[in-house]
Every structure is written in structure tokens, then in C-alpha cells.
Amino acid sequence: MARIHSNLTPRPKTKPTLQNIRISFVGNDPIGFSQWETFPFIAAVIEKLAGQTNGFASDSEIVLGMTQDSALGPMLAKIVAADPKKRKNTDWAAIMMAWFSQKMSVGANSHGKRFERTDTQPVGYRLREAVAPLTQTEALLEFHNDGGESTHDKFQDWRRANDNGLFINVKSENNAMLHQSLCPHSGNTYFEEGAEGSLTNKLKICSNNREELLNWAIRKGITLKLCRDCKP
Ligand SMILES: [Zn+2]
């Protein structure tokens, strides 16, 4: 009942940040955030460290950098505080880095196009020279139901907080369309996941920067269609 009520009440317009996240545990798994939300922050840490060394940042340097990051550090502290197994923040940073790396290697993470990984030990990452670095404000957010966890509500939160934003609906590897945040194709921003389906069964790439979205499609080799109704 409380959930229904909270969804009828307009939520405050705040930008989604890792600071607002509340972490709890179901068994050994933290809930309250999706791994996709952490990727732009992890990418920023790698970018900073690789930039400092002008070469590869090692896995252990990245893990340490994540614990010291102004966004990821407090989030890791919340996870540690709630973790029934009391694993350390460096353990959790390593777990997140493993998600990032795994998604990068299967190409499901657009950051994979920005970084390259060493094949030799120790594993390290550096920026690809050809790709201009994204600033954090321009970073792309990805919402996708992944590993059974729904990101529908977080995508809806993003739409409400970014009503001038744009997103790409990725229908398949070669079929994607650019929409305005509030395009009616995705229903209203309070439409809940249910019998009608989930907005994030298909990957959504979101940004307030149109050019970054167009660049994302170019990097993926996708010819982006523009929605005829919302005319993004
Ligand atoms: Zn549209």
C-alpha cells in the first residue's frame, strides 16, 4: 500500500546520484542500485588514473581509486555497513570492477569502447587514444534489466529528473531510435512495470547531451533512427 501511495505522489525532482542510494541486502546480494549506475563513475576513476600515469591503470590501483572516489567511496561504505558478511570496501570495489570488466569484454558496456585492457598480468586499463574522454556531466547512463534486476523505476526516475534529456531505445544490435525523455512512446513517467511490460527490457542509453548519444551510436556502428513523434 505504501508503495502505491508513494508512486501517486509526485517525487521531488532530483538528479539520480549514488549519494541518494539506500543499500540493503537480500542474502549476500546488495540491492538498491544497479551495476549500470556505477559504470560512469568507475569509468571516471579509470580515466583519471590512466591519465595520471599516461599508461595502464592496474586493477588494484582502480580498486583503491574507487574507495577514495567522492561518489563511489560513500556508496561502498554503505554497502560495507549493510553487508552481513562484513566484506571490506576494497572487496566490494573489486566486485564492481569485475562487473564493469565483464560487461566491457562482452561489449554490453559502452565504456568498453573507451578503454582497452592489457592481456598480460597485472591486468590494467587505459583510454583508447582515438576516443575523446567524456566528462562526468556528459556521461551516458544505461538502464537495462540485467541479471534479473529491473531498472524500470530508475529509468522513470531519470526521465522525471531530466525532462529535457534524450534517450536511445536499443531494440537490437542494429536497430535503435533516439527519443526525447518525455516521449509518449514510453508512456508517462509514472507508468509502472507490470502486465504492460517493462521499459528497460530493451536497453536505454540516456543523456542530456544529444551529441554524446549520436557519438555512442557511431561508436557502436548503429544507424540511429530519430522518432517521428517527439522529433528529438
Ligand atoms: Zn519519441
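The values are calculated or read from the model by the stated rules, or taken from the named source; none is laboratory data. In this text the structure is predicted, and so the values were computed from the model without any measurement. Every residue, glycine as well, gets a Cβ built from its backbone with ideal geometry; the counts of neighbours run over all protein chains shown.
What is the number of the single condition among (1) within 21 Å of Gln156 (Cβ to Cβ); (2) within 17 Å of the chain's Cα centre (by Cα); (3) away from the ligand (no atom under 12 Å from the Cβ) that Ala217 does not meet?
Result: Ala217 passes all but (1).
For the stretch 175-190, give me each residue that is outside any strand (DSSP E or B), on the phi < 0 side of the Ramachandran plot and either charged (D, E, K, R) or within 14 Å of the ligand (Cβ to nearest atom) (or both).
Selection gives Ser181, Leu182, Cys183, Pro184, His185, Ser186, Asn188, Thr189.
Within the stretch 160-174, does at least one residue satisfy the condition of being modelled with pLDDT of 90 or more, assigned to a loop (DSSP other than H, G, I, E, B) and in contact with a Lys or Arg (Cβ under 7 Å, 6 or more places away or on another chain)?
no
Just wondering, is there one or more residues in the stretch 88-96 that are assigned to a loop (DSSP other than H, G, I, E, B), modelled with pLDDT of 95 or more and under 24 Å from Ile31 (Cα atoms)?
yes
Given the criteria more than 19 Å from Ala43 (Cα to Cα) and either touching a Gly at 6+ places or on another chain (Cβ under 6 Å) or within 16 Å of the ligand (Cβ to nearest atom) (or both), does Asn145 qualify?
Criteria not met by Asn145.
Run Phe56 past the list (1) modelled with pLDDT of 90 or more; (2) of a type outside the set (Val, Ile, Thr); (3) within 22 Å of Arg126 (Cβ to Cβ); (4) more than 15 Å from the chain's Cα centre (by Cα) and report the number of the one that doesn't hold.
(1) is the only condition that Phe56 fails.
Would you check which residues across the stretch 193-229 are within 23 Å of Gly147 (Cα to Cα) and either surrounded by 15 or more Cβ atoms within 10 Å (Cβ to Cβ) or touching a strand residue (DSSP E or B) at 6+ places or on another chain (Cβ under 7 Å) (or both) and list them?
Scanning the stretch 193-229 gives Glu193, Ser198, Leu199, Thr200, Lys202, Leu203, Lys204, Ile205, Cys206, Lys220.
Could you please find all residues in the stretch 154-167 being within 11 Å of the ligand (Cβ to nearest atom) and either more than 18 Å from the chain's Cα centre (by Cα) or closer than 13 Å to Lys202 by Cα (or both)?
Phe167
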